[in-house]
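Below: one structure, written as structure tokens.
The values are calculated or read from the model by the stated rules, or taken from the named source; none is laboratory data. Remember, predicted model here, so these are calculated numbers, not experimental data. Please note: Cβ atoms are built from the backbone with ideal geometry, for glycine as well, and neighbour counts cover all protein chains shown.
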Amino acid sequence: MMLDNPATKYRPFVGVDLPDRQWPNRRIEQPPIWASVDLRDGNQSLIDPMDQERKQRLFDLLVKIGFKQIEVGFPSASQTDYDFVRSLIEGGRIPDDVTIQVLTQARDPLIDRTFEALKGATNAIVHVYNATDPMFRRVVFGVDKPECIQIAVDATTRIRQRMAEAPETNWTFQYSPELFTTTEMDFAKEIVEAVMTAFGARADNRMIVNLPATVEVATPNNYADQIEWFCRHIKDRDALIVSVHPHNDRGTGVAAAEMTLMAGADRVEGTLFGNGERTGNVDIVTLAMNMYTQGVHPGLDFSNITPIMREVEHCNQLPVHPRHPYVGDLVFTAFSGSHQDAIKKGMAERRDHPEAVWAVPYLPIDPLDVGRSYEAVIRVNSQSGKGGVSYLLEQEHGIELPRRLSIEFSQVVQEVADRLGHEITSQMIYQAFVDEYLAKDSPFKLVGHRLSSEPDSPRVSLEATIEENGDHRTIQGEGNGPLAAFIKALAAAGHDVEIIDYHEHSRGQGADAEAIAYVEVRVGDEAVFGVGTDESITSASMKAVISALNRHFSTRAPAPNVTADTLA
Ligand code: KIV
Ligand code: ZN
């Protein structure tokens, strides 16, 4: 049960003292060195760790995306990982510009086994860690500070020796003080400096120091302060590649990584879509795409993000959330009417100025850049308004509703959505449109018409045959154009109709092209819309008037044919 006073159980995090911090004024202007830990930290956290086949597929995917540093496993702790490392090396599966990384604990037999696993590698990072956090020193390992330093130094010395014995490999050394963010800063500095000395780190022999937020325990600015403090206080900054490894326990792993980059980190370890222990490692896809939206190319290729997501889901056997930034199934979708309206306007402006800087409301990124289409952007349910409905009719069915008609028709769709209680597809919307405006054929139907005119006169005479309650009638009228003549003919037959508004456009192309006409007419006291389609624009406009009359006389049961079955 939650405590009335959590302060009796939990203490606020005490950050490093850095009143003259510089990082808040900086911006991320270039990508870091990216290191994927999907195959190690990510894999360690899976319900069913990956088998060889899934590991290989994920490795190939990481290479294809553009990762140059990939932690492929913990070979001294797992036979599967050992075998995988061997198969990568012996199978020649590692491109020359890619460096594999493996993790080891700071113990001699494990270090030796790690080097066995790496035999014959062209490029390799040996990553050793030990716990430096005071609670771990006391509770887990029972070591004091000097003993803790000794463990790190002994491991470093042995790794240095092993590296010297295998000069055919291009080695990099990496050390992580585990739980860096909860280690006393001066002790973190002391142990890293001891390790640097043991390794012989210099500007021309750099090592990676990885400073993990093993458990995220504070707001992300604290991690940034610690990284800036470390970079400013460490003895020989030039001898180091400073790496961060944010976990996501508070849900701010991405923010933490971004702030630590502003604070001076050179490298980020993380995973695709944030898989990893507990709430995961930092999500490199989000980080990279965040950079991209600021105009900085991340150096990783997520142009086709959906297949990447599906492949990662297969390898991890874990779903990516539908709201996951940049990739989730719903993140380029708007259901809300006001959002749809704004997106529709933004898209229309973009069509006119495709070269302009991206500025479409509610879409921080162009879906096309990550291989997503505009089609999925606007979807309709009971929360949607006219914007989405008319957008889908226009995009997918070539029907450009005039504004007032789109307001009326959105109410028809709203009733369907409320009745069904779930999303309705563009096909269902189209069916509702046909049912409401095009399919009603009683009491009136246009059977045919003939037009004649005098040369050089705008006036036309029209003779039309209509069906009224099943009986054919011929009606006649004259006017300034076919539609006006038709209205006159209807009036002469006892049906007074006044045109309030009229729009037309063509729909489709080539042999399939047809005209579509929209009218708003007054019949008695009622203003009513009608729509007609035909190969000829004259017939389409007359059919639109007939449609309006039929709607006026109908009982108005909207969209009778749209049911859940239409989804099938
Ligand atoms: O989270 C962590 O501290 C780790 C280390 C092994 C770097 O994964
Ligand atoms: Zn980790």
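Select from the stretch 305-324 the residues that are assigned to a loop (DSSP other than H, G, I, E, B) and in contact (Cβ under 8 Å) with a residue 60 or more places away in the chain and write down the one among them that is surrounded by the fewest Cβ atoms within 10 Å (Cβ to Cβ).
Among them, the one singled out is Gln317.
All of (1) basic (Lys, Arg); (2) under 17 Å from Val16 (Cα atoms); (3) within 16 Å of ligand 2 (Cβ to nearest atom) hold for Arg278 with one exception: (2).
Just checking, how many residues over the stretch 281-301 are more than 16 Å from ligand 2 (Cβ to nearest atom) and touching a residue at least 60 places away in the same chain (Cβ under 8 Å)?
From the stretch 281-301, those more than 16 Å from ligand 2 (Cβ to nearest atom) are 285-286, 288-301; that's our starting set.
Next, only the ones that are touching a residue at least 60 places away in the same chain (Cβ under 8 Å) stay: 288-289, 291-294, 296-301.
Looking only at that region, the number is 12.
For the stretch 341-391, the candidate set comprises residues that are among the hydrophobic types (A, V, I, L, M, F, W, C) and more than 21 Å from the chain's Cα centre (by Cα); within that set, the residue that is farthest from Asn290 (Cα to Cα) is Val389.
Keeping to the stretch 43-55, report how many residues are among the hydrophobic types (A, V, I, L, M, F, W, C) and either away from ligand 1 (no atom under 16 Å from the Cβ) or not assigned by TED's automatic domain parsing to the domain that holds Gly276 (or both). Within the stretch 43-55, residues that are among the hydrophobic types (A, V, I, L, M, F, W, C) and either away from ligand 1 (no atom under 16 Å from the Cβ) or not assigned by TED's automatic domain parsing to the domain that holds Gly276 (or both) number 2.
Residues checked against (1) outside the structural domain of Leu103 (by TED's automatic domain parsing); (2) touching a residue at least 40 places away in the same chain (Cβ under 8 Å); (3) part of a loop (DSSP other than H, G, I, E, B):
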{"position": "Arg11", "(1), (2), (3)": "yes, no, yes"}
{"position": "Asp41", "(1), (2), (3)": "no, yes, no"}
{"position": "Arg57", "(1), (2), (3)": "no, yes, no"}
{"position": "Phe67", "(1), (2), (3)": "no, yes, yes"}
{"position": "Val72", "(1), (2), (3)": "no, no, no"}
{"position": "Ala77", "(1), (2), (3)": "no, no, yes"}
{"position": "Arg86", "(1), (2), (3)": "no, no, no"}
{"position": "Ile89", "(1), (2), (3)": "no, no, no"}
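Does Asp301 satisfy the condition of being in contact with a Lys or Arg (Cβ under 9 Å, 6 or more places away or on another chain), away from ligand 1 (no atom under 16 Å from the Cβ) and not assigned by TED's automatic domain parsing to the domain that holds Leu211? Answer is no for this residue.
Cβ separations smaller than 7 Å between residues 6+ apart or across chains give the following pairs from the stretch 462-486 residues that are without any contact (Cβ under 8 Å) to a residue 12 or more places away in the chain to residues that are surrounded by fewer than 17 Cβ atoms within 10 Å (Cβ to Cβ): Thr474/Glu463; Thr474/Thr465.
The residues of the stretch 266-289 that are more than 14 Å from ligand 1 (Cβ to nearest atom) and in contact with a helix residue (DSSP H, G or I) (Cβ under 7 Å, 6 or more places away or on another chain), listed by number, are Leu272, Phe273, Asp283, Ile284, Val285, Thr286, Leu287. Within the stretch 507-535, restricting attention to residues that are in contact with a helix residue (DSSP H, G or I) (Cβ under 8 Å, 6 or more places away or on another chain) and exposed (fewer than 14 other Cβ atoms within 10 Å of the Cβ), the residue that is farthest from Ile487 (Cα to Cα) is Glu526. Select from the stretch 418-461 the residues that are acidic (Asp, Glu) and in contact (Cβ under 8 Å) with a residue 12 or more places away in the chain and write down the one among them that is nearest to Ser336 (Cα to Cα). Selected residue: Glu423. Ser382 meets the conditions (1) assigned by TED's automatic domain parsing to the domain that holds His245; (2) among the polar types (S, T, N, Q); (3) more than 16 Å from ligand 2 (Cβ to nearest atom); (4) surrounded by fewer than 20 Cβ atoms within 10 Å (Cβ to Cβ) in every case but one. The failed one is (1). The residue that is surrounded by the fewest Cβ atoms within 10 Å (Cβ to Cβ), among those in the stretch 105-137 that are among the acidic types (Asp, Glu) and over 39 Å from the mean Cα position of the chain (by Cα), is Asp108.
Let me confirm something: among Val192, Val215, which residue is out of contact with any Gly (no Cβ under 9 Å at 6 or more places or on another chain), away from ligand 2 (no atom under 14 Å from the Cβ), in contact (Cβ under 8 Å) with a residue 24 or more places away in the chain and β-branched (Val, Ile, Thr)? Can you show your working first?
Working: Val215 fails: away from ligand 2 (no atom under 14 Å from the Cβ).
Just one listed residue meets the conditions, Val192.
Restricting to the stretch 208-242, what's the tally of residues that are aromatic (Phe, Trp, Tyr) and either away from ligand 1 (no atom under 16 Å from the Cβ) or at pLDDT below 95 (or both)? Number satisfying all stated conditions: 1. Across the stretch 243-264, what is the total count of residues that are under 16 Å from Trp34 (Cα atoms) and within 16 Å of ligand 2 (Cβ to nearest atom)? So the answer is 10.
Which of the residues that make up the stretch 355-370 are free of Cβ contacts under 8 Å to residues at least 40 places away in the same chain and part of a loop (DSSP other than H, G, I, E, B)? Let's see the steps before the verdict.
Of the stretch 355-370, the ones free of Cβ contacts under 8 Å to residues at least 40 places away in the same chain are 355-363, 366-368.
Across the stretch 355-370, the qualifying residues are Glu355, Ala356, Val357, Trp358, Ala359, Pro361, Tyr362, Asp366.
Mind listing whichever residues of the stretch 167-186 are away from ligand 1 (no atom under 16 Å from the Cβ) and aromatic (Phe, Trp, Tyr)? Passing the criteria: only Trp171. Assessment of the stretch 425-440 against the conditions (in a loop (DSSP other than H, G, I, E, B) and touching a helix residue (DSSP H, G or I) at 6+ places or on another chain (Cβ under 7 Å)) yields at least one matching residue.
Can you confirm whether Arg459 is over 22 Å from Gly530 (Cα atoms), of a type in the set (Lys, Arg) and not assigned by TED's automatic domain parsing to the domain that holds Ser539? Working first, answer last.
Numbers: over 22 Å from Gly530 (Cα atoms): yes; of a type in the set (Lys, Arg): yes; not assigned by TED's automatic domain parsing to the domain that holds Ser539: no.
No.
Quick check on Tyr430: is it aromatic (Phe, Trp, Tyr), buried (at least 16 other Cβ atoms within 10 Å of the Cβ), more than 21 Å from Phe553 (Cα to Cα) and in contact with a Leu (Cβ under 9 Å, 6 or more places away or on another chain)? Spelling it out, Tyr430 is indeed aromatic (Phe, Trp, Tyr), buried (at least 16 other Cβ atoms within 10 Å of the Cβ), more than 21 Å from Phe553 (Cα to Cα) and in contact with a Leu (Cβ under 9 Å, 6 or more places away or on another chain). Criterion applied to Tyr82, Tyr129 was being in contact with a Ser or Thr (Cβ under 9 Å, 6 or more places away or on another chain) and not in a helix (DSSP H, G or I), and the one residue passing it is Tyr129.
Against the list (1) outside any helix (DSSP H, G or I); (2) more than 25 Å from the chain's Cα centre (by Cα), the condition Leu46 fails is (2).
Can you tell me which residues in the stretch 71-86 are surrounded by 15 or more Cβ atoms within 10 Å (Cβ to Cβ) and of a type outside the set (D, E, K, R)?
Applying the first criterion (surrounded by 15 or more Cβ atoms within 10 Å (Cβ to Cβ)) to the stretch 71-86 yields 71-78, 80-86.
Passing the criteria: Val72, Gly73, Phe74, Pro75, Ser76, Ala77, Ser78, Thr80, Tyr82, Phe84, Val85.
Among the residues that make up the stretch 327-335, is at least one of them touching a residue at least 12 places away in the same chain (Cβ under 8 Å) and assigned to a helix (DSSP H, G or I)? No, the stretch 327-335 contains no residue that is touching a residue at least 12 places away in the same chain (Cβ under 8 Å) and assigned to a helix (DSSP H, G or I).
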